[in-house]
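Taking it in order: structure first as structure tokens, then the write-up.
Where a number appears in this text, it was derived from the coordinates with a stated rule and is not lab data. These numbers were taken from a predicted model, which means no experiment stands behind them. Cβ atoms come from the backbone with ideal geometry, glycine included; neighbour counts cover every protein chain shown.
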Amino acid sequence: MPEGDTLHRTADGLRPYLVGRAVTAARANGPGPVPQVGRLIGATVLEVEAVGKNLLIRFDNGLELRTHLRMNGSWHRYRPGERWRRPPARARLVLEVPGAVAVCFDAPVVELFETRAETLHPALSRLGPDLLGPNFDASGGAAEALRRLREPARAGRAIGEALLDQRALAGIGNVYKSEVLFIERVDPWARVGDLPDDVLARLIATARRLLVANADRRHGPERVTTGDARAAAGQSLWVYDRAGRPCRRCGTLIARRFHGTELPRLTFWCPRCLGLGA
């Protein structure tokens, strides 16, 4: 599933080609509800923004598009007439503006609504502080994320689950969950209520630091989590997707296990570094 850094990089890649240009053609396809994107024809794109794992496109006619890519979705940009890298049948949304074609493939969530309703949107209105938000520090985002993690309803949840809860803090996905917990040497199954504030604050700070670093397109496709700019290609991750391979710190074989009940996700960790059994 694309995480916060990927969505911000996607928004950065689309923005120069969409903002300020009028939509000349728009179409959407199923499965699921198909938004009436023909209403966008003639409207000018005002903003392209990533919020957590959502990509938002706002128009001067008061409408707004939201896509959520989940596991398989992605946005592509093409020149008019350029051959697409995926079959047209997989295109959920196509926006054409002078000089560019933006295509959203395989996204399970594509919806159109009025921008004025964004504050009431059932998904957007409940999001926690966006770790990549430009005003995260100035608006006290870290303190708000800590407050939300400390809500009684999350006290009994494992920290590995809580970090994925976009209502607590937005932008962390399964990769960062495993990596941040390893870097900070925190047991993924520790209950939130049993962790002191300073540990939760470190997790928030490290997650933000890594997301910000990886939202910078100069790093290329490799995620930077080792903190070592000299890391060889393919060695940027400590534990994620490395089950059965030696830990880069101690040589112990990396373990993995499904985590969570609502939507079980794989967690990767080093038993020795975290003092846990495999």
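So the values come out like this:
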quantity	calculated
Alpha-carbon centroid distance for the pair the range 59-111 / the range 145-212, whole angstrom	32 Å
Fewest-first ranking of 17, 176, 240, 78, using other Cβ atoms within 10 Å as the exposure measure	78, 17, 240, 176
Burial ordering of 266, 132, 181, fewest other beta-carbon atoms within 10 Å first	266, 132, 181
Highest to lowest packing among 65-74, 80-89, scored as the average C-beta count within 10 Å	65-74, 80-89
Residue exposure sequence - 259, 76 - by fewest surrounding Cβ within 10 Å	76, 259
Helix-only mean residue ellipticity at 222 nm for the chain, each DSSP H run of n ≥ 4 adding -39500 (n - 2.57), per residue, nearest 500	-6500 deg cm²/dmol
Mean shadow area of the range 1-140 over all directions, Cα convex hull, nm²	8.3 nm²
The chain: relative contact order as a whole-number percent, Cα under 8 Å and 6+ apart	15 percent
Cα pair count fraction exceeding 28 Å, expressed as % - the chain	40 percent
Highest average packing first - 161-172, 33-44, 200-211, Cβ atoms within 10 Å	161-172, 200-211, 33-44
Kyte-Doolittle mean at least -0.5 and Cα axial length at least 15 Å: DSSP H helices in the chain	197-215
